[in-house]
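What follows is one structure encoded as structure tokens, with my remarks underneath.
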Amino acid sequence: MSNKTEKSDQGWQGCLSSEQYNVMRKHGTERAFSGKYADCKTEGIYVCAGCGEELFTSETKFDSGTGWPSYFQAINETAVEETVDNALGMSRTEVHCRKCGSHLGHVFPDGPQPTGLRYCINSASLKLDKK
């Protein structure tokens, strides 16, 4: 039995807002500085807006100045999966929710220590469970 969340395209449209659907299922990107978690300082766990999988904690969130919520590591080693994204004439590493496959954003090697990573994530892909 798989612990993956699978839905039809119609099923995703029924449970996500139009912005969430565009970002999470069509690999869109919200405008910089427009997402509700870009400047959020509230403590808690950020979960996937599609399936509730725990993805990031407020303890690893930092201000990258990019306009998107940024984290220096995922909540654990299996929370997210990565694929190569060659769209827009450049090669980037795309980040997906491990459980439902939803597009979250991208990860870059220009973050702070201790990891040196910057997970640049769309607010539309997240839901904050406050502590």
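General remarks:
- Residues of the stretch 1-36 classified as closer than 16 Å to His106 by Cα and hydroxyl-bearing (Ser, Thr, Tyr), total: 1
- If you go through the stretch 61-105 and keep only what is modelled with pLDDT under 95, among the small types (Gly, Ala, Ser) and at positive phi, you end up with just Gly89.
- All positions within the stretch 10-58 that are surrounded by fewer than 14 Cβ atoms within 10 Å (Cβ to Cβ), in contact with a Lys or Arg (Cβ under 7 Å, 6 or more places away or on another chain) and either of a type in the set (D, E, K, R) or not in a loop (DSSP other than H, G, I, E, B) (or both): Glu43
- Filtering the stretch 59-79 to residues that are over 17 Å from Asp129 (Cβ atoms) and in a strand (DSSP E or B) leaves Phe62, Ser70.
- Whichever residue in the stretch 117-131 is assigned to a loop (DSSP other than H, G, I, E, B) and open to solvent by 10 Å² or more (accessible area, probe 1.4 Å) and, among such residues, is modelled with the lowest pLDDT: Lys131
- Hey, Val95 open to solvent by less than 70 Å² (accessible area, probe 1.4 Å), in contact with a strand residue (DSSP E or B) (Cβ under 7 Å, 6 or more places away or on another chain) and β-branched (Val, Ile, Thr) or not: yes
- Qualifying positions in the stretch 98-110 - more than 15 Å from Tyr46 (Cα to Cα), open to solvent by 20 Å² or more (accessible area, probe 1.4 Å) and either without any contact (Cβ under 8 Å) to a residue 40 or more places away in the chain or more than 12 Å from the chain's Cα centre (by Cα) (or both): Phe108, Pro109, Asp110
- Matching residues, the stretch 17-34, being aromatic (Phe, Trp, Tyr) and closer than 16 Å to Gly50 by Cα: Tyr21
The values are calculated or read from the model by the stated rules, or taken from the named source; none is laboratory data. No experiment lies behind these values; they were computed from the predicted model shown. Cβ coordinates were reconstructed from backbone atoms using ideal geometry, including for glycine residues, and neighbour counts include every protein chain displayed. Keep in mind that these areas ignore ligands, DNA and RNA; they rest on the heavy atoms of the full protein, side chains included. Shrake-Rupley method; radii C 1.70, N 1.55, O 1.52, S 1.80 Å.
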